[in-house]
1. Return the total of residues in the stretch 144-202 being at negative phi and either of a type in the set (S, T, N, Q) or open to solvent by 50 Å² or more (accessible area, probe 1.4 Å) (or both).
2. Sort out which residues of the stretch 101-122 are charged (D, E, K, R) and within 24 Å of residue 74 (Cβ to Cβ), and write them in order of number.
3. Hey, any hits in the stretch 127-141 for a residue that's closer than 22 Å to residue 166 by Cβ, of a type in the set (A, V, I, L, M), assigned to a helix (DSSP H, G or I) and in contact (Cβ under 8 Å) with a residue 60 or more places away in the chain?
4. Anything in the stretch 152-201 that is in a helix (DSSP H, G or I) and in contact with a strand residue (DSSP E or B) (Cβ under 6 Å, 6 or more places away or on another chain)? List them, or say none.
5. Considering the stretch 99-115 alone, what residues qualify as being in contact with a Phe, Trp or Tyr (Cβ under 9 Å, 6 or more places away or on another chain) and acidic (Asp, Glu)?
6. Restricting attention to the stretch 130-167, which residues are more than 18 Å from residue 179 (Cβ to Cβ) and of a type in the set (Asp, Glu)?
Amino acid sequence: MTERDPSTQRFGAAGRGQTQPGLDIVTGSSATGGGAYGSPGGYPSTTPDYSNEPVAVRGPESLGGLLLILAGIAAAVSLALRWVTGNGDTGWRLVRRGFDEIGGGFSGLLDSGFWQPLAVVLGGGVLFLLGILLWLPARTHRFLGFLALLVSGLAIAAVVVPLVAEDWQPSAFGIGFWFACAVGVLGLLGSLKALLTGRRYR
């Protein structure tokens, strides 16, 4: 009796529509790589729908706002203290005289020198408001910082002019004047902090 070749027997059976052990016959869409899920590998795409780029977030400018608020408080304190030694002129009296001089025209206000307490006190009030706005969430506070820088520059000029006129002698000024100096310094620091702080990303 002649023995048949096992491979011939196996493939011959397969040709008659029978599947022998060891053969994996795949038919349908899976045989071409297009699975039932619609992707070539038989699985759906897992690419995320969101972007991997950093996103700017809104937040407060805490330190810059605090410095501007302190500048406004320093301006308020200077109203109750003497600015010049040798007389009883407090900051409040100097501001009232400055408003009186406005009635004579802007040039008269500049010539009298009473624009200086007005610039410090009113500038301190503006810095206080800007400091509160810096605490509000925003992507950037550079515009508010720029405005605060302009106001702080005016306040600094208002105290430098009398210092130069008195040859930089500290004894000529009272403690209220030094609170006035603090308005410009604190405002300058707070405005620079807001200007130099860019957008925050996550």
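1. Keep residues of the stretch 144-202 that are at negative phi, which gives 144-166, 169-202.
With the extra rule that they be either of a type in the set (S, T, N, Q) or open to solvent by 50 Å² or more (accessible area, probe 1.4 Å) (or both), the set shrinks to 146-147, 149-150, 152, 154, 156, 160-161, 164-166, 169-171, 175, 178-179, 185, 188-189, 191-193, 196-197, 199-202.
Result for the stretch 144-202: 30.
2. Going residue by residue through the stretch 101-122, those that are charged (D, E, K, R) are 101, 111.
The answer is 101, and nothing else.
3. Of all residues in the stretch 127-141, those closer than 22 Å to residue 166 by Cβ come to none.
Scanning the stretch 127-141, I find no residue that is closer than 22 Å to residue 166 by Cβ, of a type in the set (A, V, I, L, M), assigned to a helix (DSSP H, G or I) and in contact (Cβ under 8 Å) with a residue 60 or more places away in the chain, so the answer is no.
4. So the first thing to find is which residues in the stretch 152-201 are in a helix (DSSP H, G or I), and the list is 152-165, 170-172, 175-196.
Residue satisfying the conditions is 176 alone.
5. Across the stretch 99-115, the qualifying residues are 100, 101.
6. Matches in the stretch 130-167: 167 only.
The values are calculated or read from the model by the stated rules, or taken from the named source; none is laboratory data. Because the structure is a prediction, the values reported are computed rather than measured. Methodologically, a virtual Cβ is constructed for each residue, glycine included, from the backbone with ideal geometry; neighbour enumeration extends over all protein chains shown. The area values use the complete protein model at the heavy-atom level, side chains included, leaving out ligands, DNA and RNA. Shrake-Rupley method; radii C 1.70, N 1.55, O 1.52, S 1.80 Å.
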